[in-house]
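So the structure is just underneath, and the comments pick up after that.
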Amino acid sequence: MKTNPEKFGATPHQPSLWTRADALKVRADDPTTTQPLVSADFPVLNNDVFIWDTMPLRDLDGNVTSVDGWSVIFTLTADRHPNDPQYLDEDGNYDILRDWNDRHGRAKMYYWFSRTGKNWEFGGRVMAEGVSPTAREWAGTPILLNDRGEVDLYYTAVTPGATIVKVRGRVVTTEHGVSMVGFEKVKPLFEADGNLYQTEAQNAFWGFRDPWPFRDPNDGKLYMLFEGNVAGERGSHKVGEAEIGDVPPGYEDVGNSRFQTACVGIAVARDADGDDWEMLPPLLTAVGVNDQTERPHFVFQDGKYYLFTISHTFTYADGVTGPDGVYGFVADSLFGPYVPLNGSGLVLGNPSSQPFQTYSHYVMPNGLVTSFIDSVPTDETGTQIRVGGTEAPTVGMKIKGLQTFVVAEYDYGYIPPMLDVTLK
Ligand code: FRU
């Protein structure tokens, strides 16, 4: 991993680079970095809705937190339309794949609760219709602020635009369940500036989303990770020596990889409450390597910063590839330099026989990795599939120095708390 001083000049830090050489080391189906096969007879959390990105309630240090013994998760959620004429095929059968693929346009934030950290009970929508300013409520992070149950939900308000926002509400518990109250006033925080982070005007396929606020264990300040693309007009990025890295002879041709410009963004709060933010240069860029580094998040372990982010096969640049899954990088200090875990960055990928079985992995500080089921083949050729829209089996992983190892598999959607907060 190298840095590129020319691009960001006299800024507080230089972004670390995920290079093409690093990505050439990615090996699908290495058992230590591959998610066990998900069986096609998986249970479905709820037959009325699809769920995908899963966001456990946590504190600002990253600990997954229950309240009064109740675990809580937030999910991106969309209704299933088995009877809507729009989603029937020529034979009158429900085209679930088309319904599933359309879900992003109607994504809403829902919550679920459980006494056991699995078998989630349906809570409902977090914000009433009309509260969020845009059509789509995209991923983010619910933060439990205190023992009064106050929750800051950071998320992305998308279409029109893409704005990182937050809304404050409260979690209330009874013996019988959990409710989310308040969540009535959405506060816009910031959007891409075109200077550090690419805007929609610069690239219609830009990404700017998935806020993950945290308290730095070393300086105690409030920061936020997010997904971005490096600023600049689409097609104007240079894939030079630094981005290519130390490749073997014959690997210098970068094809059209200048179109892939993902980065992990970071912002710092100017106030204690996290209402006023300043964007800083990205922590990590993947120019010439990949176009999406989604849902970035940290695990703070052994005095190190383990940075995880999810990515896809289809977003890789010409000449490099890897499975859908979660990738990771590690540094000794917040601003890097970051080096790819396992040499390549790949931490937990789908097996090549089931390339879309899971996505949106979230690594928790206890080494457990949650994700959702996308689609699983039901025949040998992979032409028949079963769509998920539900929680995948949780994977147990060990993080050791510069390496990670898959070591266990748990139940579907198993997200146990690391702390319990008794509400006052
Ligand atoms: C990951 C993701 C997020 C985004 C959401 C949109 O699965 O692409 O980056 O917020 O899904 O549905």
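Scanning for something within 16 Å of the ligand (Cβ to nearest atom) and not in a strand (DSSP E or B), does the stretch 362-384 turn up at least one residue? Checked the stretch 362-384: no residue is within 16 Å of the ligand (Cβ to nearest atom) and not in a strand (DSSP E or B).
If I filter the stretch 277-299 for residues that are outside any helix (DSSP H, G or I), within 28 Å of ASN63 (Cβ to Cβ) and at pLDDT below 95, do I get at least one hit? There is no residue in the stretch 277-299 that is outside any helix (DSSP H, G or I), within 28 Å of ASN63 (Cβ to Cβ) and at pLDDT below 95. In the stretch 87-103 there is at least one residue matching the filter, namely being surrounded by 14 or more Cβ atoms within 10 Å (Cβ to Cβ), closer than 30 Å to PRO365 by Cα and out of contact with any Pro (no Cβ under 7 Å at 6 or more places or on another chain).
What about THR313, is it of a type in the set (Ser, Thr, Tyr), within 16 Å of the ligand (Cβ to nearest atom), surrounded by fewer than 24 Cβ atoms within 10 Å (Cβ to Cβ) and not in a strand (DSSP E or B)? Give the steps one after another, and end with the answer.
On the way: of a type in the set (Ser, Thr, Tyr): yes; within 16 Å of the ligand (Cβ to nearest atom): yes; surrounded by fewer than 24 Cβ atoms within 10 Å (Cβ to Cβ): yes; not in a strand (DSSP E or B): yes.
Taking the combined requirement at face value, the residue satisfies it.
Here PRO211 clears all of (1) in contact (Cβ under 8 Å) with a residue 24 or more places away in the chain; (2) away from the ligand (no atom under 16 Å from the Cβ); (3) closer than 24 Å to GLY345 by Cα except the condition numbered (2). Scanning the stretch 267-300 for residues that are β-branched (Val, Ile, Thr) and farther than 20 Å from ASP53 by Cβ yields VAL268, THR285, VAL287, VAL289.
The rows are residues; the columns are (1) of a type in the set (Lys, Arg); (2) away from the ligand (no atom under 16 Å from the Cβ); (3) at pLDDT 95 or above; (4) buried (at least 17 other Cβ atoms within 10 Å of the Cβ).
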position: LEU37; (1), (2), (3), (4): no, yes, yes, no
position: PHE42; (1), (2), (3), (4): no, yes, yes, yes
position: LEU45; (1), (2), (3), (4): no, yes, yes, yes
position: ASP53; (1), (2), (3), (4): no, no, yes, yes
position: ARG58; (1), (2), (3), (4): yes, yes, yes, yes
position: SER71; (1), (2), (3), (4): no, yes, yes, yes
position: PHE74; (1), (2), (3), (4): no, no, yes, yes
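Would you pick out the residues in the stretch 137-166 that are under 21 Å from PHE113 (Cβ atoms) and within 16 Å of the ligand (Cβ to nearest atom)?
Residues of the stretch 137-166 that are under 21 Å from PHE113 (Cβ atoms), as a first pass: 137, 139-155.
Across the stretch 137-166, the qualifying residues are GLU137, ALA139, GLY140, THR141, PRO142, LEU153, TYR154, TYR155.
Okay, residues lined up against (1) modelled with pLDDT of 95 or more; (2) hydroxyl-bearing (Ser, Thr, Tyr); (3) out of contact with any Asp or Glu (no Cβ under 9 Å at 6 or more places or on another chain); (4) under 30 Å from PRO337 (Cβ atoms):
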{"residue": "ASN350", "(1), (2), (3), (4)": "yes, no, no, yes"}
{"residue": "GLN354", "(1), (2), (3), (4)": "yes, no, yes, no"}
{"residue": "GLY367", "(1), (2), (3), (4)": "yes, no, yes, yes"}
{"residue": "ILE373", "(1), (2), (3), (4)": "yes, no, no, no"}
{"residue": "VAL387", "(1), (2), (3), (4)": "yes, no, no, no"}
{"residue": "VAL395", "(1), (2), (3), (4)": "yes, no, no, yes"}
{"residue": "ILE399", "(1), (2), (3), (4)": "yes, no, no, yes"}
{"residue": "PRO416", "(1), (2), (3), (4)": "yes, no, yes, no"}
{"residue": "VAL421", "(1), (2), (3), (4)": "yes, no, no, no"}
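Of everything in the stretch 122-176, what is over 20 Å from GLY228 (Cβ atoms), among the small types (Gly, Ala, Ser) and touching a Phe, Trp or Tyr at 6+ places or on another chain (Cβ under 6 Å)? Give them in sequence order. Within the stretch 122-176, GLY123, GLY169 meet the criteria.
The values are calculated or read from the model by the stated rules, or taken from the named source; none is laboratory data. Nothing here was measured: the structure is a model prediction, and the numbers come from that model. When we count neighbours, we look across all protein chains shown, and the Cβ atoms used for this are built from the backbone with ideal geometry, even at glycine.
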